[in-house]
Amino acid sequence: MSIIAEIKSRRAIRDYDQRDVENEKIKTLLETATWAPNDRMREPWGFYVIKGEAKKRYEALANEYLQERFPTKPHLIESSLKALKTTPVHIIVTADIVPGDKEASLDNEYAVCCAVHSMWLAAKELGLGLVWRTRGVGLVRDARMFEFIGSPENKKIIGNLFIGYPDGEALKKAKAPARTSFEEKTVWL
Ligand SMILES: Cc1cc2nc3c(=O)[nH]c(=O)nc-3n(C[C@H](O)[C@H](O)[C@H](O)COP(=O)(O)O)c2cc1C
């Protein structure tokens, strides 16, 4: 296995087969996440798994959010809810806020981003598709999702990971978005 090849072939997968995702695989993703680098070993991550009955409650919440936010866009509401209903499992990932220490709190967010990337790569190895969402029905920036996970003290939601076995057809169609050459992004000083 080439780590470089794995990194380059990881893709955002948004369409899933309707099979259940085994809890063992979810646990492997979570365990992998905990090996991410993190400043001063604060291990600043938190995970909230949404499956089964909890998913129904999440869908109701998202419907409320969409109706409120896009009252004149029924098609958008429909497609957003479809994306949600066809996603077998979600993991909400949080970063610990260090009260009174903005820099440490920011470093915690960076560490959690590393953890999410690890989970994304691990999902690929496990045959799962994953996309990290922050916008729209991910509800990452909506107070409703924070309440949904129990309003944990001193935690900030970093992402909503949509996870499932990839839909075979969608996978065939998925193209790798082009990347700008590193040369355009790099200054050698
Ligand atoms: C912080 C972050 C937020 C993202 N938010 C969304 C999102 O809200 N909705 C979505 O469909 N994809 C989201 N993505 C996935 C990106 O759209 C995707 O990674 C990008 O198009 C590149 O494609 P690739 O991951 O297949 O290389 C997000 C990715 C990151 C890192």
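Here, each number is a calculation from the coordinates, and none is a lab measurement. Only a predicted model underlies this, so the values are computations on that prediction, with no experimental measurement involved. Virtual Cβ from ideal backbone geometry, glycine too; neighbours counted across all protein chains shown.
Each label point was placed 7 Å from the Cα along the Cα-to-Cβ direction; for Glu125 and Arg19 their separation is 1.9 nm. Going from the residue with the fewest nearby Cβ atoms within 10 Å to the one with the most, Met1, Met41, Met119 rank Met1, Met41, Met119. Test of understanding: extend the Cα→C-beta vector of Glu43 to 7 Å, then name every residue of segment 82-107 with backbone N under 18 Å from that spot. Those under the cut-off are 93-98. Between segment 58-130 and segment 158-172, the C-alpha centres lie 13 angstrom from each other. Taking other C-beta atoms within 10 Å as the exposure proxy, Thr87, Thr186, Thr94 rank Thr186, Thr94, Thr87 from fewest upward.
Applying 0.36 nm per residue to the separation of Asn154 and Lys85 and subtracting their alpha-carbon distance, the gain on full extension is 21.8 nm. For the chain, the 222 nm mean residue ellipticity estimated from helices alone, with every DSSP H stretch of n ≥ 4 adding -39500 (n - 2.57) and the total spread over all residues, rounds to -14000 deg cm²/dmol.
Kirkwood Rh, Cα Rg: Rg to Rh for the chain? Answer for the chain: 0.98. Once the Cα-Cα distance is subtracted from the 0.36 nm per residue extended length, the Gln67 to Glu103 segment shows a gain of 9.2 nm. Working from label points 7 Å from Cα in the Cα-to-Cβ sense, the Ala60 to Thr180 distance is 4.5 nm.
Summarising the amide proton neighbourhood of Ile97: residues at separation of 5 or more, or on other chains, whose placed amide H is nearer than 5 Å comprise Lys155, Lys156. The loop-placed chymotrypsin sites (Phe, Trp or Tyr not before Pro) in segment 101-189, going by DSSP, that have at most 10 neighbouring Cβ atoms within 10 Å of their Cβ come out as Trp188. Toward the positive end of the charge dipole of the chain, with +1 on the Cβ of Lys and Arg and -1 on the Cβ of Asp and Glu, the farthest Cα among Cys113, His75, Met41 is that of His75.
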